[in-house]
Structures are given as C-alpha cells and as structure tokens.
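Presented below is the structure to which this report refers.
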C-alpha cells in the first residue's frame with residue numbers, strides 16, 4: 001500500500017496556488033500573531049490584540065475584494081480542493097464582516113469582564129478562518145476541516161466565562177451536540193466517498209464537482225442516499241434547523257452575549273455556504289427523474305422543503321413564549337434559518353444557471369442582512385445586559401425607551417428589520433429569497449413563510465412595546481456606550497438602510513458573473 | 001422506479017480485495033500472547049505450596065507501607081499535561097504520510113515537501129511555546 | 001428523510017450472506033467490503049445509542065469517538081478495496097482518516113477541558129444534573 005501511495009504521487013503536481021487562499025492565510029497568520037502577542041505582551045498591552053485582529057480582518061477583506069474584482073487566474077487550486085466563485089466570495093465577506101464587528105463589540109466587554117482578550121481574539125480569528133474554509137472548500141475534506149476549526153474554536157468561546165455556570169453549561173451542550181453532528185456528517189462523507197467509486201474502476205472521490213459527475217455511474221447508489229441523508233442531518237444541526245435545533249436556545253442563552261452574536265451570524269452563514277455547495281453542486285438538479293441523480297435530487301429537495309416549513313414554524317412559535325431576550329433571539333435565528341432554507345430550496349430546484357445563481361445570491365444576501373441586523377441587536381443587548389450578562393429578561397427592558405432613547409431606537413430598528421419592515425434590510429432579504437422560491441414554483445412554501453413572518457411580528461413588536469410603553473419599577477442607569485460599540489452601531493444601522501434601499505449592487509456582486517463558469521464548476 | 005435502480009447494484013463485485021492470509025502471523029502472535037501469561041499462572045497454581053500470611057497479601061508499594069486507597073482522586077493537572085501530550089502526540093501522525101511520499105520517484109517534490117513540513121512544525125512550536133508561556137507546563 | 005435511508009436497508013439486506021458452510025469459510029479468508037461496512041455500521045449504531053442513552057459525559061465523549069472511528073473504518077475499507085492505481089483519489093480515504101484522528105484528538109482535549117471547567121463550578125459529570133438552561 002505504501003508503495004502504491006508513493007507510485008501514485010510521482011506524476012501528480014501539488015497544484016499549489018497560495019494566492020487563491022490568500023484571505024484564509026492572512027486570517028490564520030493574524031491569529032497566530034495575536035496569540036504570540038498575547039503570550040509575550042505585558043498585561044498593560046493586551047488591548048493591542050483587538051487592534052491586531054481588526055488589521056488582519058481588514059487585510060483579508062481587501063484581499064478578497066481584490067479577488068472579487070480582478071481575478072484572472074485559475075478558479076480552483078489544490079486539485080479542486082479550493083474553489084473560487086461568487087458563492088465563496090460572498091460568504092467570505094460575511095464571515096469577515098461578522099468577525100470584525102464581533103471584535104469591535106467585544107473589545108471593551110472583554111476587559112470589563114476580566115477575561116483574557118488575546119485568547120478571545122485569536123480564537124475568533126481561527127473560527128473565522130474555519131468559516132472561510134467552509135465557504136471556499138470544493139472538497140469534502142476541506143469543508144470538514146473548516147467546520148472543525150470553526151466548531152472547536154466556538155466551543156471554547158461559548159464557555160469563555162469560565163467561572164459562570166451558565167456559560168459552562170452552554171459550552172458543554174454545544175460541544176456534545178456539535179461533535180455529535182459533525183460525527184454524523186463525517187459518516188455521511190465516508191458513505192459518499194465509498195459510493196462514488198465507479199463501475200469502471202475509479203476509486204471514490206470527495207471532490208464535490210466530481211461527485212456530481214459520478215452519481216449515475218456510482219458503484220453503490222444506496223450508500224449515496226444514506227450518505228446524503230447523514231450529511232443533511234449533520235448540516236441541519238450546524239445551521240439549527242428544526243428538528244435538530246434543540247441545542248440552539250440553551251447555547252445562545254448561556255454563552256456570553258458577544259459570542260452569541262457571533263454564533264448566530266457567523267457559523268450559521270458558514271454552514272449555509274457549505275450546505276449549499278455540497279447539495280446544490282454535489283447532488284445537482286437533472287431533468288431525467290428516473291436516474292440515480294434525479295432520485296437523490298428529488299429526495300433531498302423534498303426533505304429540505306419539509307425542514308424549511310418545520311424550522312420556520314417552530315422558530316416563530318417558540319419565540320413567542322420566551323421571557324429572555326437572548327432566548328427569543330435564538331428562536332428567531334432558528335426561524336431565519338428557515339427563511340433562508342426557502343431560498344436554498346429554490347437554488348436546488350432549478351437547473352438553469354441564471355435562476356440558480358439568482359437563488360444562491362439571494363441566500364447569501366439573506367445571510368448578510370441577517371448578520372448585520374443580528375449583530376446590531378446583540379450589540380445593544382450586550383450593553384443592556386451589563387457585566388456577567390445579568391439583565392437579559394424582558395422585564396429588564398421595561399420603559400427604557402425614553403431614558404436611553406438612542407439605544408432603544410436602534411434596537412427597535414433592528415427588531416423591525418428582523419421582522420421585515422419595508423425599507424429595511426430584512427425586508428429586502430426576505431423579498432429576494434421569496435422571489436427566488438416563486439420563480440422555482442414553490443408557491444405554498446412562500447405562503448407559509450409569509451404567514452410565519454406575520455407570527456413573528458408578535459414577539460419583535462413586543463420588545464419594542466416593552467421598551468416604550470411599560471412603566472419601569474426599578475431604577476435605570478443608562479449604560480456607558482464605548483466608542484467601539486458606537487462604531488458597530490453606526491455600521492449596522494447604515495448597513496440596514498443601505499441593504500434595504502440599494503440592494504442591487506450587493507446582489508450583483510453575489511451573482512455569478514459569467515454563467516459559463518457556474519456550468520463548469 | 002427506485003427498485004429498478006437498486007437492482008443495478010446487484011452486479012457489484014463481491015470480492016474486490018485479496019485474501020486476508022497476510023494476517024496469519026498476527027493471529028498466531030495473538031494466540032501465543034494469550035498462552036504465554038496464562039500457562040505459567042495455571043501451572044503455578046498446581047505446583048506451588050500455598051501458604052498465606054498477612055504481610056504477603058498486602059499491596060506492594062516499593063517496600064513502604066501503603067498510606068491511602070488506590071482509588072484516589074488525581075489532581076486536575078494530570079489532565080492538562082495529558083491533553084497537551086495527546087495533541088502533540090497525535091499531530092506527529094502527519095509525519096508518516098509525509099515521510100512516505102517525501103522522495104517520490106525523482107525527488108522533484110522534495111523541496112516543497114520539506115518547506116511545508118517546516119511550516120507545519122513551526123506552527124506546532126508556536127502552540128507549544130504559547131502553552132509554555134501560559135504556564136500550562138508548570139507543575140507547582 | 002425516510003426515503004433517503006430506505007435504499008440503504010435494502011442494500012444491506014441484499015448483501016446478507018447465503019448461509020452455506022463453504023460460503024462462510026470462504027468469506028472469512030476472502031472478506032469482501034460489506035464485512036467492514038457492517039462493522040462500521042455497528043460501531044456507528046453503538047455510538048449513537050451511547051450518546052442518546054448514557055448520562056455520564058465522559059461516556060458520551062467515548063460514544064462520539066466511536067462514531068468517528070466508524071467513519072474511519074469505512075474510509076479505510078473503501079480506499080483499500082476500491083483503489084485504482086494512477087488516481088490520487090484512491091488514497092483520499094486514508095488521508096481523510098489521518099485528519100479525522102487529529103480532529104478527534106483536538107475534540108477530546110477541548111471536551112475534557114470543558115468538563116473540567118464545569119466540574120470546578122458544579123461537581124458533577126452527569127448530564128441530568130446540568131439543567132440550568134431550559135425552555
């Protein structure tokens with residue numbers, strides 16, 4: 001076996017193209033540098049780590065913009081392990097944006113809580129590199145590794161307040177269910193790897209584009225079905241679709257609030273990136289229903305429609321009865337995963353590259369809008385919660401509207417955007433996703449989604465009513481708003497309006513420009 | 001329709017791999033590994049005179065009288081050291097496939113492979129140094 | 001979801017051995033790939049059952065490791081039985097296994113760290129008693 005391994009490698013060039021993973025490399029290097037600065041700097045200089053992390057993230061963003069605008073080189077490297085397309089770039093942008101905003105939110109918070117800032121920021125950077133790898137991986141190996149890099153860093157971040165029992169518990173639950181789900185995913189990958197060996201004698205493959213080619217000539221089609229189902233379950237856990245959502249409220253409530261902000265926006269988007277890539281590109285639409293490919297496509301699409309409906313409904317119904325704001329936002333994040341799944345279904349249901357690219361970009365756009373408004377909302381929640389996350393119940397928001405009008409109005413704006421009020425980002429995101437689903441002919445799905453949006457009005461508006469129209473019984477002292485959080489709030493408020501009023505530029509950037517590339521990819 | 005597809009799978013080659021005879025030495029080794037310790041114990045049981053005393057039945061602890069139960073709690077530091085060991089130990093698994101393909105057939109690969117491994121080990125050293133600086137290796 | 005799993009059951013049923021004695025001895029000396037897949041599937045099921053039923057966190061960790069090793073066995077079996085020379089993908093399964101082993105070690109380290117942190121605050125490793133966060 002060793003001999004054959006050595007023989008096989010002789011004609012294979014490594015196909016290295018470091019430029020194609022430049023953003024990932026920058027983020028990883030920044031993470032290592034932050035770690036070293038943390039180890040060597042004196043306690044007084046620890047604040048540097050946040051700044052360094054920001055510099056790294058901005059540099060990576062610049063690199064990805066450069067790849068976005070003027071990339072003429074090959075669009076895949078490392079034998080198809082890394083791919084470059086608009087799907088990857090869009091989700092890379094989301095990951096970097098989420099991470100940068102989280103750094104800004106956490107800069108002062110970390111100091112105030114007496115937590116090790118350097119560790120937090122280096123973990124955040126490693127998690128970001130994992131998310132970017134999940135978006136850029138064209139091979140199941142890379143997607144799995146990215147997922148694990150992300151998850152392992154996030155488990156630690158969820159338990160970051162070591163002395164707080166709630167944080168411990170949240171981290172433990174996230175760890176058990178997270179590693180359970182990645183084990184499921186892994187078993188699915190193993191089955192798909194075996195099943196894609198061909199009758200003509202080719203070995204199995206983990207390359208997604210190659211999997212799509214081999215569906216109809218695979219050696220063990222039944223294993224392909226089982227593998228796809230397992231991967232569906234694994235990814236379903238990661239993006240918190242019902243019925244795999246039970247961990248979400250507990251973990252989001254117990255984790256420190258800035259970490260919750262990150263978890264709700266970042267890993268979910270990254271999960272969608274690889275979920276989309278594996279299923280839309282790995283098990284693509286085909287016109288002949290009787291083939292293996294047609295069967296498997298119909299099966300996962302049907303399962304996904306059901307998942308989308310359950311996820312939206314459970315998320316919204318669950319959010320109604322919550323008394324804790326973080327928990328309410330956790331259920332709302334489940335519901336939003338359901339809305340994004342509607343776009344996913346649309347992307348999977350069509351073989352036409354133009355429609356497909358439109359649906360894919362709508363999902364990416366949805367995750368971007370969700371990330372922006374969610375991070376803004378959690379930034380305000382962090383401020384109001386004070387140290388130790390003590391004040392996160394609805395009662396703690398009683399009547400703060402006219403005592404801290406700035407905070408209350410921004411939070412109300414984010415709530416209205418999450419609800420999907422016109423002129424805000426949330427509205428535009430929903431419109432795009434629903435339009436894609438309507439183009440694909442999923443009318444009833446869109447009707448259910450709209451009904452769910454109506455349900456969601458109850459709990460989003462309830463927070464606004466609580467803030468403005470309830471009497472406050474206890475005393476209220478307005479929290480000091482640090483400069484870094486003001487920056488976050490300005491960025492997110494502007495983002496909500498920009499994405500809500502002028503979405504076309506972003507949407508065009510997320511779309512695949514030459515349709516021919518999508519066909520070959 | 002589905003069953004029609006499933007029927008296609010019946011012509012899967014049943015024995016793609018070779019015979020498992022290469023594992024016979026392992027099995028013989030395993031049999032001997034069982035016989036070797038069991039046989040002296042069984043023989044000794046029949047051959048030896050059995051005289052028990054109090055001192056003979058006590059657990060042996062380097063000649064000193066045992067002080068506590070063996071089922072005692074370990075300090076949590078063992079876990080931290082064990083975790084560090086586990087991680088660095090397992091990382092060396094990457095050296096094995098690397099060593100196998102290192103030369104290839106015509107050494108065309110060597111420079112790149114060497115550089116990559118230096119980067120890999122460099123990252124490991126950074127992690128090790130971090131653990132050191134953070135006091136994970138301090139015992140007291 | 002069910003119609004995705006159903007074909008696999010049919011497949012396993014099809015692959016069940018015939019039962020003649022010569023077939024049995026032949027299948028021991030010439031194990032075909034289904035043997036390894038069955039071992040992998042058994043490990044997987046044991047792991048899943050362990051995660052779902054056991055209440056000790058450490059045992060749950062061990063069950064998760066079992067699932068990972070089930071995937072490892074599948075990868076190795078597939079790449080051993082279905083390899084063809086000249087294609088780099090033939091060893092992809094073995095390389096994947098190496099990555100899985102490393103990831104499993106990292107996960108175990110992190111998991112033990114989390115349990116230690118929890119144990120310092122609340123002296124328990126039983127998941128039933130970790131019930132602060134509930135709907």
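Per the listing A:83, A:110, A:98, the residue uniquely more than 29 Å from residue A:186 (Cβ to Cβ), surrounded by 24 or more Cβ atoms within 10 Å (Cβ to Cβ) and touching a residue at least 40 places away in the same chain (Cβ under 8 Å) is A:110. Among the residues of the range B:89-140, the ones that are assigned to a loop (DSSP other than H, G, I, E, B) and under 28 Å from residue C:91 (Cβ atoms) come to 8 in all. For the range A:222-235, how many residues meet the condition of being more than 14 Å from residue A:205 (Cα to Cα), surrounded by 24 or more Cβ atoms within 10 Å (Cβ to Cβ) and more than 7 Å from chain C (Cβ to nearest Cβ)? So the count comes out to 5.
Those helices (runs of 4 or more DSSP H) of the range A:177-292 in which 3 or more residues are touching a strand residue (DSSP E or B) at 6+ places or on another chain (Cβ under 9 Å) occupy A:208-214.
Checked against the criterion of being more than 15 Å from the chain's Cα centre (by Cα) and more than 30 Å from residue C:123 (Cβ to Cβ), the range C:47-67 contains not a single residue that satisfies it.
Scanning the range C:35-60 for residues that are buried (at least 20 other Cβ atoms within 10 Å of the Cβ) and either more than 8 Å from chain A (Cβ to nearest Cβ) or in contact with a helix residue (DSSP H, G or I) (Cβ under 6 Å, 6 or more places away or on another chain) (or both) yields a count of 7. Residue A:308 meets each of the listed conditions (1) within 20 Å of the chain's Cα centre (by Cα); (2) away from chain C (no Cβ under 14 Å); (3) within 27 Å of residue A:85 (Cβ to Cβ) apart from (2). Filter the range B:94-108 down to residues that are at pLDDT below 80, under 25 Å from residue C:100 (Cβ atoms) and at the interface with another protein chain (Cβ under 8 Å from one of its Cβ atoms), then give me how many there are. Within the range B:94-108, residues that are at pLDDT below 80, under 25 Å from residue C:100 (Cβ atoms) and at the interface with another protein chain (Cβ under 8 Å from one of its Cβ atoms) number 2.
Among the residues of the range A:439-473, those identified as within 24 Å of residue A:357 (Cβ to Cβ) and surrounded by 14 or more Cβ atoms within 10 Å (Cβ to Cβ) are A:439, A:440, A:442, A:445, A:446, A:449. For the range A:173-188, taking the residues that are surrounded by 24 or more Cβ atoms within 10 Å (Cβ to Cβ) and at the interface with another protein chain (Cβ under 7 Å from one of its Cβ atoms), the one that is farthest from residue C:91 (Cα to Cα) is identified as A:175.
The single residue among A:159, A:146, A:138 that is modelled with pLDDT under 95 and within 18 Å of the chain's Cα centre (by Cα) turns out to be A:138. Going by what's in this entry, would residue A:126 be described as more than 9 Å from chain C (Cβ to nearest Cβ), in contact with a helix residue (DSSP H, G or I) (Cβ under 7 Å, 6 or more places away or on another chain) and either touching a residue at least 24 places away in the same chain (Cβ under 8 Å) or not in a helix (DSSP H, G or I) (or both)? Answer is yes for this residue. Restricting B:66, B:49, B:59 to residues that are free of Cβ contacts under 8 Å to residues at least 40 places away in the same chain, surrounded by 10 or more Cβ atoms within 10 Å (Cβ to Cβ) and outside any helix (DSSP H, G or I) narrows the list to B:66.
Scoring residue A:84 on the criteria (1) within 14 Å of another protein chain (Cβ to nearest Cβ); (2) closer than 22 Å to residue A:211 by Cα; (3) modelled with pLDDT of 90 or more leaves a single failure, condition (1).
Being over 19 Å from the mean Cα position of the chain (by Cα), surrounded by fewer than 23 Cβ atoms within 10 Å (Cβ to Cβ), more than 30 Å from residue C:124 (Cβ to Cβ) and facing chain C (nearest Cβ under 10 Å) is a description that applies to residue A:201.
State yes or no: is residue A:123 surrounded by fewer than 24 Cβ atoms within 10 Å (Cβ to Cβ), under 30 Å from residue A:257 (Cβ atoms) and within 18 Å of the chain's Cα centre (by Cα)? It is true that residue A:123 is surrounded by fewer than 24 Cβ atoms within 10 Å (Cβ to Cβ), under 30 Å from residue A:257 (Cβ atoms) and within 18 Å of the chain's Cα centre (by Cα). Please determine whether any residue of the range C:21-33 is on the phi < 0 side of the Ramachandran plot, facing chain A (nearest Cβ under 10 Å) and either modelled with pLDDT under 85 or assigned to a helix (DSSP H, G or I) (or both). Checking the range C:21-33: at least one residue is on the phi < 0 side of the Ramachandran plot, facing chain A (nearest Cβ under 10 Å) and either modelled with pLDDT under 85 or assigned to a helix (DSSP H, G or I) (or both). The criterion of at least 1 residues that are within 16 Å of residue A:380 (Cα to Cα) is met by the following helices (runs of 4 or more DSSP H) wholly inside the range A:404-517: A:405-419, A:443-469, A:483-501.
The single residue among A:382, A:369, A:392 that is over 30 Å from residue A:288 (Cβ atoms) and in contact with a strand residue (DSSP E or B) (Cβ under 7 Å, 6 or more places away or on another chain) turns out to be A:392. All of (1) within 12 Å of chain C (Cβ to nearest Cβ); (2) on the phi > 0 side of the Ramachandran plot hold for residue A:144 with one exception: (2). The residues listed here are C:68, C:118, C:82; of these, the one that is facing chain A (nearest Cβ under 9 Å), surrounded by 19 or more Cβ atoms within 10 Å (Cβ to Cβ) and at pLDDT below 85 is C:82.
Residues that are out of contact with any strand residue (DSSP E or B) (no Cβ under 6 Å at 6 or more places or on another chain) and more than 9 Å from every other protein chain (Cβ to nearest Cβ) were ranked within the range A:129-141; the one that is nearest to residue A:25 (Cα to Cα) is A:129.
Residue-wise test of (1) within 9 Å of another protein chain (Cβ to nearest Cβ); (2) closer than 23 Å to residue A:34 by Cα.
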residue: B:92; (1), (2): no, no
residue: B:111; (1), (2): no, no
residue: B:117; (1), (2): no, yes
residue: B:127; (1), (2): yes, yes
residue: B:134; (1), (2): yes, yes
residue: B:137; (1), (2): no, yes
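The set of residues in the range C:93-112 that are more than 7 Å from chain B (Cβ to nearest Cβ), surrounded by fewer than 20 Cβ atoms within 10 Å (Cβ to Cβ) and modelled with pLDDT of 90 or more contains only C:99. For first residues located in the range A:453-473 and more than 30 Å from residue A:310 (Cα to Cα), partners that are surrounded by fewer than 19 Cβ atoms within 10 Å (Cβ to Cβ) and lie 6+ apart or on another chain with Cβ distances below 6 Å form the pairs A:470/A:398; A:470/A:399; A:471/A:399; A:472/A:398; A:472/A:399. Of the candidates A:52, A:20, the single residue that is away from chain B (no Cβ under 14 Å) and out of contact with any strand residue (DSSP E or B) (no Cβ under 9 Å at 6 or more places or on another chain) is A:52.
The values are calculated or read from the model by the stated rules, or taken from the named source; none is laboratory data. Because the structure is predicted, anything quoted here is derived from the model rather than measured. Note that each Cβ is placed from the backbone with ideal geometry, even for glycine, and that neighbours are counted across all protein chains shown.
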